[in-house]
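Colleague: Mind looking over this structure? Questions follow.
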Amino acid sequence: VRSRLVPYNLENPTFAEGVRNHHLVTRPDGTPAGPTFEPVLAANVDFTHPGAVDWWQGKAEKVLKQYKFAGWMEDFGESVRDDDRFAAGKTGRVMASLHPLFYHKIVYEAAHRANPDAVRFARSGAPG
């Protein structure tokens, strides 16, 4: 079984919850911002929003415990455009390299609580 975790949501109830609670990165016009390679609307989780951190970690921990994952690949995180907007008041130009780092740190914390022995393979196009 191969599992993969990505730091964005596709349109579904979790996506709607993220929009409703302002947990997602936005475009300058306020619409959700995310990778453009998906065939449907997608949006990055805004890890500069404290509520979004707790929300995403809760979702990750629930899945990890429910399915008893021992390892997975954490993919993407670098799909941030220069004019994307973050809750911290920063643009994508500033956050493009920080977003994947926040993503992997936040997932590490959730994973360690769910399964301290879990093995993660992180792949993001960012410094590190």
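The values are calculated or read from the model by the stated rules, or taken from the named source; none is laboratory data. The model shown is predicted, which means the values in this text are computed figures rather than measured ones. With ideal geometry, Cβ positions are generated from the backbone for all residues, glycine too; neighbour counts draw on all protein chains shown. Each accessible area value is taken on the protein alone, full model and side chains, heavy atoms only, with ligands, DNA and RNA left out. Shrake-Rupley method; radii C 1.70, N 1.55, O 1.52, S 1.80 Å.
Colleague: Using a 1.4 Å probe on the protein heavy atoms, what percent of the accessible area of the chain belongs to carbon and sulfur?
Modeller: Carbon and sulfur together cover 56 percent of it.
Colleague: Still on this structure, please answer the following. I'd like the antiparallel share, as a percent to the nearest 5, of DSSP beta bridges with both residues in the chain.
Modeller: 50
Colleague: Let me check against my output: what whole-number percent is the relative contact order of the range 76-128, with C-alpha pairs under 8 Å and at least 6 apart?
Modeller: Values: 49 pairs, mean separation 21.3, N = 53.
With pairs under 8 Å counted, the relative contact order is 40 percent.
Colleague: Cα-based Rg of the range 81-128 per 2.2 N^0.38 Å, rounded to two decimals?
Modeller: 1.36
Colleague: Okay, moving on. In degrees, nearest 10, range 0 to 90: what is the angle between the Cα axis of helix 98-114 and the longest Cα principal axis of the chain?
Modeller: The helix 98-114 is inclined about 30 degrees to the chain.
Colleague: Further, regarding this structure: Please compute the length gained on full extension between V40 and A70, using 0.36 nm multiplied by the number of residues separating them and subtracting their Cα-Cα distance.
Modeller: Stretched out fully, the V40 to A70 stretch lengthens by 7.8 nm.
Colleague: Moving on to the next point. Keeping all protein chains in place, calculate the accessible area per residue for the chain (probe 1.4 angstrom), answer in Å².
Modeller: Counting only protein heavy atoms, the per-residue value for the chain is 55 Å².
Colleague: With an 8 Å cut-off on Cα pairs and a minimum separation of 6 or more residues, tell me the relative contact order of the chain in percent.
Modeller: Relative contact order, the chain: 28 percent.
Colleague: Continuing with this model, one more query. Net charge near S97, counting Lys/Arg +1 and Asp/Glu -1 over other residues with Cβ under 14 Å of its Cβ?
Modeller: +1
Colleague: Against the longest principal axis of the chain, how steep is helix 50-67, in degrees 0 to 90 to the nearest 10, with axes from Cα atoms?
Modeller: Approximately 30 degrees, to the nearest ten.
Colleague: Separate question: For D29, what accessible area in Å² do you get when you roll a 1.4 Å probe over the heavy atoms of the protein chains, rounding to the nearest 10?
Modeller: Approximately 120 Å² for this residue.
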